[in-house]
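See below for the structure under consideration.
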């Protein structure tokens, strides 16, 4: 079963780190897995104890409200990414229930998990119309509607020039309605603003470390290993976990120490790349990058706390500023959690996706970009050519459009993908030398 | 007028959105001094374009299979409407457009808009948020968005929208809706006087033709259609078609040629586009517009899947359909994610349903015919 698999996996990883430490990876990763292990054990206990769970998705949506409402948090792709046998859950979702088979690899395994009863069934589901329809909107909606779970939908305004009060107000107003809906629909649920304030305060404490970690990536060699660059989220254990905060501080300390000593994420850094869009899981890509001396200095997926610090999109510059927008007033707590939907670089058009990417490439002294065109990913579909054109023109660095999948690749497909990647990297390294 | 002449007028209207005709309507409007605004989304309130003195023109993609230009931008596993629409841009087929309005109907649609603007750099490019929720807050914000876009359109055309011009545009568009709904009523008959393919031709013509011309033509044709003599297909299964971005009547011809009558549709290019009038008597026409577009029958990209399915069920009953054919666009996600719910609810209602994947161009005719034929056989309607 899924949760027990995660518990066993976390224990295995901790043991592996203790027995076979890899100097190119951060030592603090051990603490990360320890926190994750505790989190899985606690999740399992809460489920068995019958505590209410909620699946509140969407950057800027209800996803910060689980704890303040008194729920335990469910996840979608956060869980789906970790299944040991994604094919099993995909097959279940497609063959037994009729879900689409050509969609992003991250979306079907979690749907299969829920339909198979291996994770807690939420008592409430909400989504914010996400930049990623399949992950952020349709898969949570499908789970809710198919399983008869109360569902609350939030919208955001699309127009990319619409970054400001109106957009903020629109989402914040709906968050208020979400809270009312949750309290009215799920017995025993009551909103406690003090818990949200706690969580936001922890964000503020985290922000300087996240900003600095971005700055450290500018160093040559990049002190952060590729594997660590591709991790989503730097505060394990949930958004209000003091241990997660402690981890972040230690992680930052270690990254700083490595930078000061000139220790890189690869033995001899020959090339610095950005990997953009989504990522294929498994060791193959990381091992290839390490073998070639290629530092993945930035994983650009437009989301996550670190990316908010890139391109000047710093949500916590001061009390009235969110990203590049100065509202001229202190935001309410609900407005603070709504604001990120505006500067999530996914889903606001080509310029919103590409301009920050170009800035990151400049600042991090990037030599090449791998634009991963994941089968079924519709978010950056249609932007790939524009991305390549603009990066090549404005930065003079090459871009590889690499087709692949996150999970479901045959050995032949993987082999072809790695061949293309390797050829590209070899060419870039050769060009850089000359 | 003789039946022959009426048939000729009907045929011309049905072919209004064919490749050889759709551009013609735009160019005629241009000759009258109007700017042409291309629309990539049927949720956009065309009334504000009319009120700004311009001509709205729904973007139809290329109908042939060649995507050699757009494939550079869009992988093959992409929404084919978007790929064919981009192909039209890249071929230079829509150079006459003065502006384009896109939406976030889904990510593919957003991608189309971005690639379109990158390539063709239109003088006006606007993107809006289609209403996905039937709520008061959604209505309110959509009304604000309509106001802002109307102002931008007025600046572009040089003819600012007034309350009077908007009210008139609403009346004209409502007239179109009333006329088309009258046409739909005729489909409830045991022997509908129009085929599904003909109706789709007419509804898509409405989205590219001059409003007055379309209204005049349909007004003239309706009395004729009331008494039109058609082949007796009374024994054939009555079918409701559900799809998105289906604008080529040939799909429906192929289906009807297998031996059925398409008596109703659930299409954004058909019923969903015309159902519900805008309140003409309100003091706030923008709010009335927002209300109509929020509350019209929704596309699968909207949140209210249960209501959408219930709407299909009601139409099945109203039009006495024997079965439903869902022609889902193979790489368009919203409808596909809704599918398990649709399958389950149709089964609960004992409404026969078959789901058939399609591209945007009419390729693979044999497979479509075979699957439709097999489905019709299962319906057990006595011929």
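Return B:272, B:320, A:217 ranked ascending by Cβ neighbour count within 10 Å, so the fewest neighbours appear first.
Ranked by crowding around the Cβ, least crowded first: B:320, B:272, A:217.
Looking at chain B as a GNM with Cα springs under 10 Å, which of B:206, B:52, B:151 has the largest mean-square fluctuation?
B:151
To the nearest 500 deg cm²/dmol, what mean residue ellipticity at 222 nm is calculated for chain B from DSSP H runs of n ≥ 4 alone, each contributing -39,500 (n - 2.57), summed and divided by the residues?
Mean residue ellipticity at 222 nm (helix-derived): -16500 deg cm²/dmol.
Relative to the present Cα-Cα distance, how much length would full extension add between residue B:364 and residue B:377 at 0.36 nm per residue of separation?
Extra length from residue B:364 to residue B:377 when fully extended: 2.6 nm.
Quick one: length gained pulling residue A:165 to residue A:413 fully straight, 0.36 nm per residue minus the C-alpha distance?
Contour length minus the Cα-Cα distance gives 84.6 nm.
What FRET efficiency do you get for residue A:288 and residue A:246 if R0 is 35 Å and r is their Cβ-Cβ distance, rounded to the nearest 0.05?
E between residue A:288 and residue A:246, to the nearest 0.05, is 0.55.
Can you give the helix-only mean residue ellipticity at 222 nm for chain A, where every DSSP H stretch with n ≥ 4 adds -39500 (n - 2.57) and the sum goes over all residues, rounded to the nearest 500 deg cm²/dmol?
Calculated from helices alone, the mean residue ellipticity at 222 nm is -15000 deg cm²/dmol.
Rank-order B:223-232, B:246-255 by packing density, defined as the average count of other C-beta atoms within 10 Å over each peptide's residues, highest first.
Top to bottom by mean Cβ count within 10 Å: B:246-255, B:223-232.
Taking the Cα-to-Cβ direction at residue A:5 and at residue A:204 and moving 7 Å from each Cα, how far apart do the two end points lie in nm?
The two pseudo-label positions are separated by 4.1 nm.
Which stretch or stretches of the stretch A:20-59 have amide N atoms under 15 Å from the point lying 7 Å from residue A:261's Cα along the Cα→Cβ direction?
The answer is A:21-29, whose backbone nitrogens lie closer than 15 Å to the label point.
Looking only at other chains, what is the average number of their beta-carbon atoms within 10 angstrom of each beta-carbon in A:96-103?
Mean partner-chain Cβ count within 10 Å for A:96-103: 5.
Residue B:350 to residue B:216: extension gain in nm, 0.36 nm per residue of separation minus the Cα-Cα distance?
Gain on extension, residue B:350 to residue B:216, equals 44.1 nm.
Among B:212, A:81, A:239, rank each residue by its count of other Cβ atoms within 10 Å, from fewest to most, as a rough exposure measure.
By the 10 Å Cβ count, ascending: B:212, A:81, A:239.
Given a Förster radius of 35 Å and the C-beta distance between residue B:232 and residue B:21 as r, what FRET efficiency does 1/(1 + (r/R0)^6) yield to the nearest 0.05?
About 0.70, to the nearest 0.05.
Looking only at other chains, what is the average number of their beta-carbon atoms within 10 angstrom of each beta-carbon in B:327-339?
5
Please check: in the Gaussian network model of chain A (C-alpha springs, under 10 Å), which one of A:208, A:187, A:131 has the largest mean-square fluctuation.
Residue with maximal mean-square fluctuation among A:208, A:187, A:131: A:187.
Rank B:164, B:185, B:87 by mean-square fluctuation in a GNM of chain B with C-alpha springs under 10 angstrom and give only the top-ranked residue.
B:164
Given a Förster distance of 60 angstrom, what is the FRET efficiency for residue A:16 paired with residue B:123, based on the Cβ-Cβ distance and rounded to 0.05?
FRET efficiency, residue A:16 to residue B:123: 0.50.
Can you tell me which of B:298-308, A:192-202, B:1-11 comes out highest on packing, and rank the rest after it, using the mean Cβ neighbours within 10 Å?
Highest to lowest by the protection proxy: B:298-308, A:192-202, B:1-11.
Normalised by the residues of chain A, what does the relative contact order come to in percent, with Cα pairs under 8 Å and at least six apart?
It comes to 16 percent, rounded to a whole number.
Report, to the nearest 10°, how far helix B:19-31 tilts away from the longest principal axis of the Cα atoms in chain B, using its own Cα long axis and a range of 0 to 90°.
30 degrees
Report for the protein assembly as shown the percent antiparallel among DSSP-assigned beta bridges with both residues inside it, nearest 5.
Approximately 5 percent, going by the DSSP bridge assignments.
Antiparallel DSSP bridges in chain A: what percent, to the nearest 5?
Just about 5 percent of them are antiparallel.
Considering Cα pairs under 8 angstrom that are at least six residues apart, work out the relative contact order of the stretch A:89-222 and quote it in whole percent.
Once divided by the residue count of the stretch A:89-222, the mean separation gives 15 percent.
Give the order of B:156, A:53, A:383 when sorted by the count of other beta carbons within 10 angstrom, beginning with the fewest.
B:156, A:53, A:383
Sequence gap at least 6, Cα distance under 8 Å: using those rules, report the relative contact order of the stretch B:1-68 to the nearest whole percent.
Relative contact order for the stretch B:1-68 comes out at 26 percent.
Please give the helix B:305-318 orientation as an angle from the longest Cα principal axis of chain B, in degrees from 0 to 90, rounded to the nearest 10.
Long axis of B:305-318 versus the principal axis of chain B: about 50 degrees.
Would you mind pulling out the separation of the Cα centroids of the stretch B:349-364 and the stretch A:89-128, in Å?
Between the Cα centre of the stretch B:349-364 and that of the stretch A:89-128, the gap is 24 Å.
If you count, for every residue in B:108-119, the Cβ atoms of partner chains within 10 Å of its Cβ, what is the mean?
6
Quick note: the coordinates plus some simple rules give every number you see, no bench work behind them. Being a predicted model, the structure only gives us computed values, none of them experimental. Cβ sites come from the backbone with ideal geometry, for glycine too, and all protein chains shown count toward neighbours.
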